[in-house]
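Worksheet: one structure, shown below.
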């Protein structure tokens, strides 16, 4: 299905061609990361010649940087099977730095395409005393993983994280690391034994391993300095993440400060645990009570903020007591008028990773084309892939509606060497009538037949679970 193109009037459409230009050094940086990741597959207890060669080339990728000497030594020790915790930390830091450089290069290209200026980095707040012994225990477990490698994991090795995670969960300052270790260990446990795996997610597991290892360093998990936000919040759309036992809604918005300074892009997130029987539109029932912003999004309204905590990275630390529902606010009006002038917040050092890129953009004047099950938008001769797999079932937005659209609010992402857009909302035509469809339209409740049916099913499932839980407690 194709939609006739209109004259492009967005900055992304005018400069989309820069997204196709080669970025010097990007392929080399990713290749170096892959070499290290492959070394982790077989493990670093008794490295083979191919692993040693890969580690040497990985170390060469940071030649001329302040960490070159430490990484070179760590690579030599690892290649000899004699690496200790400090060496693993150096290797994890180098890997993170390489991916951070890729992240920065891609964001620079996006900034060129959108015409937005980059944010300024900020210092972290090192408040809070973390338990050194628990951090050391976590480092020890992660080092054991590196030695045995993904092919060598078994339940005995993976279960070593259980006691560490249990102890960490009691400390609020360690819960970020505890959640990461818990999820990582659960994923590894579900894949044991590693020797029987047909395919190993080398990049993903190395991402989790290196991030967790760096978070065991004192102060690494410190949050950035937090300020306050007073002004008007104009939602653009909701990015919903749903897993078997958890769900998260992240609202992307433009914030207009009351003092008249430049608007900025911000995010507000809420996460909840969930039963695996609650799916689709039912997850809104779990998320909705924790953030009034979701109701405002569903009703198409702005919110007025007073003293809302906000990090330097643009994340609102949401508290309903600092917000009240404002006037009606059309997301597409916000995208056309406010989004082009909104400034971008800096990214925290440990969050600099290509997979973390999710930049709000407004696209208009494109031709949507469906070919071989792949949907693309063509803007000024540039074909941009549409990641319709990320469209949640918990809303009225569908891939078919996106394919018939003429304007789109989405998140610009990068994966496997290409840019793509994840639709959050579209303007389209249904039954000869112009309509707007939002992925988060049901966030605050709905009268839509499919949405009501899904919410009723979720309500029934929760009632059954509560009854069973009550029965267990009574016993």
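Derivation of every value follows stated rules applied to the coordinates shown; laboratory data play no part. Everything quoted here is computed from the prediction, not taken from an experiment. Heads up, the Cβs are rebuilt from the backbone with ideal geometry, glycines too, and the neighbour counts pull from every protein chain shown.
Out of all Cα-Cα pairs in the stretch 67-118, roughly what percent, to the nearest whole number, are more than 16 Å apart?
Percentage above 16 Å: 51.
Computed over the chain, the per-residue total of -39500 (n - 2.57) for DSSP H runs of n ≥ 4 gives a 222 nm mean residue ellipticity of -12000 deg cm²/dmol, rounded to 500. Between residue 463 and residue 389, the simple spin-label model (points 7 angstrom out along Cα→Cβ) gives 3.7 nm. Compared with the dominant principal axis of the Cα atoms in the chain, helix 26-42 is inclined by about 50°.
Computed over the stretch 126-222, the convex hull of the alpha-carbon atoms projects to a mean area of 5.5 nm².
With only the Cα atoms considered, the stretch 278-330 has a convex hull volume of 103 Å³ per residue.
On a per residue basis, the convex hull of the C-alpha atoms belonging to the stretch 343-430 measures out at 125 Å³. Summarised as an ellipsoid, the stretch 186-265 has semi-axes of 38, 19, 10 Å, derived from the eigenvalues of the Cα gyration tensor scaled by 5 and square-rooted, with the largest first. Entry for the stretch 226-341 at q = 0.15, 0.18, 0.23 Å⁻¹: log10 I(q)/I(0) = -0.63, -0.88, -1.31, Debye formula applied to identical alpha-carbon scatterers, no solvent contribution. Against the empirical curve 2.2 N^0.38 Å, the C-alpha radius of gyration of the stretch 141-198 lands at a ratio of 1.15. Taking only the C-alpha atoms of the stretch 371-416, Rg followed by Dmax gives 11.0, 33 Å.
Against the main long axis of the alpha-carbon atoms of the chain, helix 202-215 sits at an angle near 80°.
Once you keep just the Cα pairs under 8 angstrom separated by 6 or more residues, what percentage relative contact order results for the stretch 289-357? Mind dumping the intermediate values first?
Numbers: 59 pairs, mean separation 21.4, N = 69.
The normalised contact order for the stretch 289-357 reaches 31 percent.
State the percent of C-alpha pairs, over all pairs in the stretch 27-100, separated by a distance greater than 19 angstrom.
Of all Cα-Cα distances in the stretch 27-100, 21 percent exceed 19 Å.
Spin-label model, residue 196/residue 105: points 7 Å from Cα along the beta carbon direction are separated by 4.1 nm.
Evaluate the relative contact order of the stretch 331-379 (contact order divided by residue number), counting alpha-carbon pairs under 8 angstrom at least 6 apart; express in whole percent. So the answer I get is 27 percent. Evaluate Rg over Rh across the stretch 319-475, taking Cα atoms for both radii and Kirkwood's formula for Rh. Dividing the radius of gyration by the Kirkwood radius yields 1.06.
Remark: 286, 234 ranked as 286, 234, counting other beta-carbon atoms within 10 Å and listing the fewest first. With neighbour counts taken as other beta-carbon atoms within 10 Å, the residues 192, 148, 373 rank, fewest first, as 373, 192, 148. Under the simplified labelling scheme, the residue 159-residue 136 pair shows an inter-label distance of 2.5 nm, with each label point 7 Å from Cα along Cα→Cβ.
What Kirkwood radius, in Å to one decimal, follows from the Cα pairs of the chain? All intermediate terms of the calculation are to be shown ahead of the outcome.
Numbers: mean 1/r = 0.0413 Å⁻¹.
After inverting the mean inverse Cα-Cα distance, the result is 24.2 Å.
Annotation: extensible slack from residue 452 through residue 28 equals 147.6 nm (criterion: 0.36 nm per residue apart, minus Cα-Cα distance). Using a cutoff of 8 angstrom between alpha carbon atoms and counting only pairs six or more residues apart, the relative contact order for the stretch 331-475 works out to 19 percent. Scaling the Cα radius of gyration of the stretch 421-475 by the globular reference 2.2 N^0.38 Å produces a ratio of 1.78.
Compared with the dominant Cα axis of the chain, that is its longest principal axis, helix 175-189 is turned about 70°.
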